[in-house]
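**Q** This is the structure I want to talk about, given as structure tokens.
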Amino acid sequence: MKKSAELQHRTKRFALRVLALIDWLPNTIGGRVLANQLARSAASVGANYRAACRARSRAEFASKLGIVAEEADESLYWLELIRDGNFVLEKKISLL
């Protein structure tokens with residue numbers, strides 16, 4: 001499988017796994033905030049990577065890939081908050 005296609009597949013799987021994880025978050029104000037923020041950033045990783053693959057130049061690709069890295073780091077932040085706040089069991093988060 002071509003590297004870009006493989007990464008597109010992996011980022012899509014990541015978003016789907018995150019969406020499954022957020023179903024475990026409590027239906028509280030904090031849980032809903034975390035769920036919404038994490039869902040947006042995790043889905044953006046794959047969406048922005050796909051956009052990067054359609055870049056018209058190396059500079060555009062690099063710029064869009066920077067957005068991918070930012071969204072991935074933001075997703076990590078929300079996952080850390082969920083873990084550190086004991087919102088769900090750590091074993092549900094560890095594979096993400």
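The values are calculated or read from the model by the stated rules, or taken from the named source; none is laboratory data. Not measured: the values here are computed from a predicted model. All Cβ positions, glycine included, derive from the backbone under ideal geometry; neighbour counts span all protein chains shown. Remember, those area values only see protein heavy atoms, side chains included, never the ligands or the DNA or RNA. Shrake-Rupley method; radii C 1.70, N 1.55, O 1.52, S 1.80 Å.
**Q** Identify the single condition in (1) at pLDDT 95 or above; (2) in contact with a Cys (Cβ under 8 Å, 6 or more places away or on another chain) that residue 4 does not satisfy, given that it satisfies every other one.
**A** (1)
**Q** Can you say whether residue 22 is under 19 Å from residue 95 (Cα atoms), without any contact (Cβ under 8 Å) to a residue 24 or more places away in the chain and not small (Gly, Ala, Ser), as far as the supplied structure shows?
**A** Taking the combined requirement at face value, the residue satisfies it.
**Q** Collect the residues in the stretch 8-36 that are open to solvent by less than 60 Å² (accessible area, probe 1.4 Å) and assigned to a helix (DSSP H, G or I), keeping them in residue-number order.
**A** To start, the set of residues in the stretch 8-36 that are open to solvent by less than 60 Å² (accessible area, probe 1.4 Å) comprises 8, 11, 14-15, 18, 20-22, 25-26, 30-31, 34-35.
8, 11, 14, 15, 18, 20, 21, 22, 30, 31, 34, 35 - these are the residues of the stretch 8-36 that are open to solvent by less than 60 Å² (accessible area, probe 1.4 Å) and assigned to a helix (DSSP H, G or I).
**Q** Taking the options 88, 68, name whichever one is under 20 Å from residue 4 (Cβ atoms) and either crowded, with 17+ Cβ neighbours inside 10 Å or in contact (Cβ under 8 Å) with a residue 24 or more places away in the chain (or both).
**A** One residue alone meets the criteria, 68.
**Q** On to the next question. Going by what's in this entry, would residue 76 be described as among the hydrophobic types (A, V, I, L, M, F, W, C), within 15 Å of residue 96 (Cα to Cα) and open to solvent by 60 Å² or more (accessible area, probe 1.4 Å)?
**A** So residue 76 fits the description; yes.
**Q** Could you grab me the full set of residues in the stretch 46-59 that are loosely packed, with under 12 Cβ neighbours inside 10 Å and either touching a residue at least 40 places away in the same chain (Cβ under 8 Å) or part of a helix (DSSP H, G or I) (or both)?
**A** Looking only at the stretch 46-59, we keep the residues that are loosely packed, with under 12 Cβ neighbours inside 10 Å, and these are 54, 56-59.
Passing the criteria: 58, 59.
**Q** Tell me the residue from 43, 39, 62 that is part of a helix (DSSP H, G or I), modelled with pLDDT of 95 or more and open to solvent by less than 40 Å² (accessible area, probe 1.4 Å), please.
**A** On inspection, the qualifying residue turns out to be 39.
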